[in-house]
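J.: Here it is: the structure, laid out below.
Quick note: the coordinates plus some simple rules give every number you see, no bench work behind them. Please read these numbers as outputs of a predicted model, since none were measured by experiment. Cβ: placed from backbone, ideal geometry, glycine included. Neighbour counts: every protein chain shown.
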Ligand SMILES: C[C@H](O)[C@H](O)[C@H]1CNC2=NC(N)=NC(=O)C2=N1
């Protein structure tokens, strides 16, 4: 099973993934993506969902119109692991292909 990252390792990893930050009150990372419209937001979610399913690692997320709020944590590990960092990077790469 993946190991929880230390506070230092989380900070280090997050410094390389624009827009992602630690949540307050819970060991998890999050980012709010804002797109041009609902179509782009939902397109992002569709592409990200396919990648997440392939990784067997799934986001907690909420969509309102063109905004997608994402939270990533590894529930089995009780914190943030390399798998969350990997999915966060993949989501940033997908968002780059999507007009904002
Ligand atoms: C059995 C399966 O691998 C686990 O339930 C996976 C599925 N997807 C998951 N996704 C996330 N984000 N955290 C998990 O701990 C997790 N566990």
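J.: State whether region 17-88 is rounded, prolate or oblate according to the following rule on the C-alpha gyration tensor (a ≥ b ≥ c being the square roots of its eigenvalues): a/c under 1.5 gives rounded; otherwise a/b larger than b/c gives prolate, and the remaining case gives oblate.
T.: It is oblate, given that a/c is not under 1.5 and a/b is not larger than b/c.
J.: Further, regarding this structure: Please state the shape class of region 22-61: rounded when a/c is under 1.5, otherwise prolate if a/b exceeds b/c and oblate if not, all from the C-alpha gyration tensor.
T.: oblate
J.: Based on other C-beta atoms within 10 Å, arrange 27, 53 from fewest to most.
T.: Taking fewest neighbouring Cβ atoms as first place, the list is 53, 27.
J.: Let me check against my output: what whole-number percent is the relative contact order of the chain, with C-alpha pairs under 8 Å and at least 6 apart?
T.: 37
J.: Of the residues 49, 88, 77, which exhibits the maximal mean-square fluctuation in a Gaussian network model of the chain defined by a 10 Å Cα contact cut-off?
T.: Most flexible of the set in this elastic network: 77.
J.: While we're looking at this one, here's another question. Pick from 26, 47, 62: which residue has the top mean-square fluctuation in a GNM of the chain where Cα pairs under 10 Å get a spring?
T.: Most flexible of the set in this elastic network: 26.
J.: Now for a different question. Among 67, 81, which comes first, then next, by fewest other beta-carbon atoms within 10 Å?
T.: Placing the least packed residue first, the sequence is 67, 81.
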